[in-house]
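Remarks on the structure that follows.
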Amino acid sequence: MLIERENEALPEGETLKKTSKIYLWAAVLCVLNFLSSFEGLAQAEPFAKDKYSQIMWNYLETLSEFGPRYVGTKGYSQTLDLLRHVGAESADDVLEHPFVITRHNGEQMRMVNIEFVFNGTATGRPILVGAHYDTRPFADQESDPKLRDRPIPGVNDGGSGTAVLLGLARYLKDHPVDQPVRLMFFDGEDFGKSGSSEMFIGSSYHASQLEKLPLKQRPQAVLVVDMVGDKDLEIYKETYSMRSGPELLDRVYAMARRKNISQFNEKSKYSIQDDHLPFIKLGIPSVVLIDFDYPYWHKVSDTLDKCSPESLGVVFSVVAGVLAEW
Ligand SMILES: [Zn+2]
């Protein structure tokens with residue numbers, strides 16, 4: 001992804017207003033919880049978060065062991081095998097969307113998006129949850145020029161979103177939700193130089209395919225997860241997402257509040273170009289969940305030791321909760 005702008009911090013009054021709002025919310029939710037327990041509506045977590053945290057962590061370890069995972073590498077083929085395997089075990093259907101791109105130098109390259117289909121029981125348009133599975137071929141944020149040509153391990157950037165989607169696939173198999181869901185694994189998000197047209201390749205391709213479909217067959221909302229494995233997780237509201245999908249963001253942050261998850265920060269901080277943008281251009285409410293405060297971004301030091309199962313677990317828990325209650 002590309003960072004475009006870091007927002008000014010909110011004035012202190014604004015922060016206080018938000019804080020008191022949060023307390024008010026917490027009080028309202030406590031009362032609601034109390035009341036609903038009498039009606040037998042209060043449920044224990046519908047899933048064991050720790051179980052899925054461990055499952056996702058195992059996937060992240062595996063992806064880390066694969067090494068760099070961009071088109072043409074061994075790790076890329078291994079990742080595709082893993083996605084196909086989990087998809088076959090978990091999803092109602094697995095769709096492959098291969099495509100060919102012509103690079104700026106005329107070279108042709110074959111890429112593929114993988115889609116897990118969960119039909120659900122409800123009618124209506126699906127929710128698309130997406131993540132890129134490719135990793136950046138060069139560490140262009142390194143200060144040492146000798147390192148800038150090296151590929152990044154992409155454990156957080158590329159790995160964490162993939163692991164969360166694989167965890168969601170396992171969860172949706174074990175706990176089917178009514179809402180139709182598509183888990184999309186995008187290729188080529190991080191392939192090209194910053195500012196070139198060779199970024200967000202898979203998501204742009206998928207949006208171009210959706211554009212050919214009648215409106216009722218397109219997703220009603222898109223939720224992208226990227227860089228969500230950081231041990232020191234803090235997810236601010238991203239500004240394109242705030243404009244495009246305020247209702248979806250509200251669902252996400254309300255779920256985080258209900259689950260007492262403090263890693264979701266109600267403030268906005270960054271404008272980030274990521275896989276949500278092609279869908280925003282299509283008019284679909286689209287949101288990215290991303291923690292951009294990650295010192296190892298696009299560096300060779302984006303490794304497993306910077307991530308934690310807890311961080312994967314809280315993002316999973318929020319997204320799974322949102323899907324289950326849609
Ligand atoms: Zn990246």
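Side notes on the structure shown:
- Cβ-Cβ under 8 Å pairs, at least 6 apart or on other chains, region 279-306 side over 14 Å from Gly229 (Cβ atoms), far side among the β-branched types (Val, Ile, Thr) and away from the ligand (no atom under 14 Å from the Cβ): Phe279/Val222; Ile284/Val222; Pro285/Val222; Ser286/Val222; Ser286/Ile280; Val287/Val222; Val287/Val252
- Considering residues of region 278-310 that are more than 27 Å from Arg125 (Cα to Cα) and touching a strand residue (DSSP E or B) at 6+ places or on another chain (Cβ under 6 Å) only, the residue surrounded by the most Cβ atoms within 10 Å (Cβ to Cβ): Asp291
- Listed by first and then second residue, the pairs linking a residue in region 75-97 that is under 15 Å from Leu60 (Cα atoms) to a residue that is outside any helix (DSSP H, G or I) and of a type in the set (Lys, Arg), with Cβ atoms under 8 Å apart and 6 or more places separating them unless they lie on different chains, are Gly75/Arg69; Tyr76/Arg69; Gln78/Arg69; Thr79/Arg69.
- If the condition is being open to solvent by less than 40 Å² (accessible area, probe 1.4 Å) and either free of Cβ contacts under 8 Å to residues at least 40 places away in the same chain or in contact with a Lys or Arg (Cβ under 6 Å, 6 or more places away or on another chain) (or both), then region 255-277 contributes Asn265, Glu266, Ser268, Ser271.
- The set of residues in region 85-108 that are among the small types (Gly, Ala, Ser), more than 14 Å from Met184 (Cβ to Cβ) and surrounded by 14 or more Cβ atoms within 10 Å (Cβ to Cβ) contains only Ser90.
- Residue within region 128-147 that is at pLDDT 95 or above, touching a helix residue (DSSP H, G or I) at 6+ places or on another chain (Cβ under 8 Å), within 12 Å of the ligand (Cβ to nearest atom) and among the basic types (Lys, Arg) present: yes
- Restricting region 228-247 to residues that are touching a residue at least 60 places away in the same chain (Cβ under 8 Å) and of a type in the set (A, V, I, L, M, F, W, C), the residue that is surrounded by the fewest Cβ atoms within 10 Å (Cβ to Cβ): Leu233
- Asp226 being within 14 Å of the ligand (Cβ to nearest atom) and touching a Lys or Arg at 6+ places or on another chain (Cβ under 7 Å): no
- The residues on offer are Gly120, Gly154, and the sole one that is in contact (Cβ under 8 Å) with a residue 12 or more places away in the chain, open to solvent by 10 Å² or more (accessible area, probe 1.4 Å) and on the phi > 0 side of the Ramachandran plot is Gly120.
- Taken as a whole, region 194-207 holds at least one residue that is within 12 Å of the ligand (Cβ to nearest atom), open to solvent by 20 Å² or more (accessible area, probe 1.4 Å) and on the phi < 0 side of the Ramachandran plot.
- Condition met for Ser160 (open to solvent by 10 Å² or more (accessible area, probe 1.4 Å) and within 16 Å of the ligand (Cβ to nearest atom)): no
The values are calculated or read from the model by the stated rules, or taken from the named source; none is laboratory data. Note that the structure is a prediction, hence the values are computed from the model and not measured. Cβ coordinates were reconstructed from backbone atoms using ideal geometry, including for glycine residues, and neighbour counts include every protein chain displayed. Areas reflect the complete protein model, heavy atoms only, side chains present, ligands, DNA and RNA absent. Shrake-Rupley method; radii C 1.70, N 1.55, O 1.52, S 1.80 Å.
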